[in-house]
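Chemist: Have a look at this one.
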Amino acid sequence: MQADSSYTRLLFSVAAFFNYLVAAGLLIASSQVSEQLGLGAATPGSVVLANLSGALVGIFGYAYTRVALEPQRYRVYVELGIIGKLAVLPAVGVPWAMGYIGWQLPLLASGDLLFALLFWHWLQATRVAQQEVASKLAPTLGR
């Protein structure tokens, strides 16, 4: 698979959109989002944490936008994306397993698992293409 394929653009554009949507919800309407996800009433502290989370989710969205536009250059962001997406699972799964939160947020977070798997597949499928590009550039870098 070519790293700059239409699949690459679609995958990372959709991931960016998903992140921007979540970030907007956290930054603009954290009280309503908290209520809809069954997380209870917002407190000043929970609003601050929602804002921080929203900012970080938005930053990852920007990284996915960069990958969609220039996958060779921003390939390293994909590894960070996998780590970030997988980190969501225990962050949401543990409170759910302990009975602190309902099913809504874990259901939403299952999208992060799907993206992590798709990102991993993309890294594996484009690794050969990345190595070929690097080997072609290596002789020109030594000049």
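Every number here is computed from the coordinates shown, using simple stated rules; none is lab data. These numbers were taken from a predicted model, which means no experiment stands behind them. Cβ placement follows ideal geometry from the backbone for every residue including glycine, while neighbour counts extend to all protein chains displayed.
Chemist: Would you work out which of P44, V67, Y20 lies farthest towards the positive end of the dipole of the chain, given +1 charges on the beta-carbon of Lys and Arg and -1 on that of Asp and Glu, about the Cα centre?
Modeler: Of the options given, the answer is V67.
Chemist: Right, here's the next one. Compute the separation of the alpha-carbon centres of region 89-110 and region 30-73 and state it in Å as a whole number.
Modeler: Their Cα centres are 16 Å away from one another.
Chemist: Return the sequence-ordered ³J(HN,Hα) values of region 13-23 in whole Hz as given by the Karplus equation 6.51 cos²θ - 1.76 cosθ + 1.60 applied to θ = phi - 60°, using x for Gly and Pro.
Modeler: 5, 5, 4, 4, 4, 4, 5, 4, 5, 5, 4
Chemist: Across the Cα atoms of region 1-72, what radius of gyration and what greatest pairwise Cα-Cα distance (Dmax) are found, in Å?
Modeler: Values for region 1-72 (Cα only, Rg and Dmax): 15.0, 47 Å.
Chemist: In whole Hz and in residue order, list the ³J(HN,Hα) couplings for region 110-116 that follow from phi through the Karplus curve 6.51 cos²θ - 1.76 cosθ + 1.60, θ = phi - 60°; x for Gly and Pro.
Modeler: For region 110-116, the Karplus-derived couplings read 4, x, 5, 4, 4, 5, 4 Hz, x marking Gly and Pro.
Chemist: Same structure again: Between R127 and L80, what length comes free when the chain is fully extended (0.36 nm per residue of separation minus the Cα-Cα distance, one decimal in nm)?
Modeler: Difference between extended and current length: 15.3 nm.
Chemist: With 23 Å as the cut-off, how large is the P(r) tail for the chain, expressed as percent of Cα-Cα pairs?
Modeler: Distances greater than 23 Å cover 42 percent of the Cα pairs.
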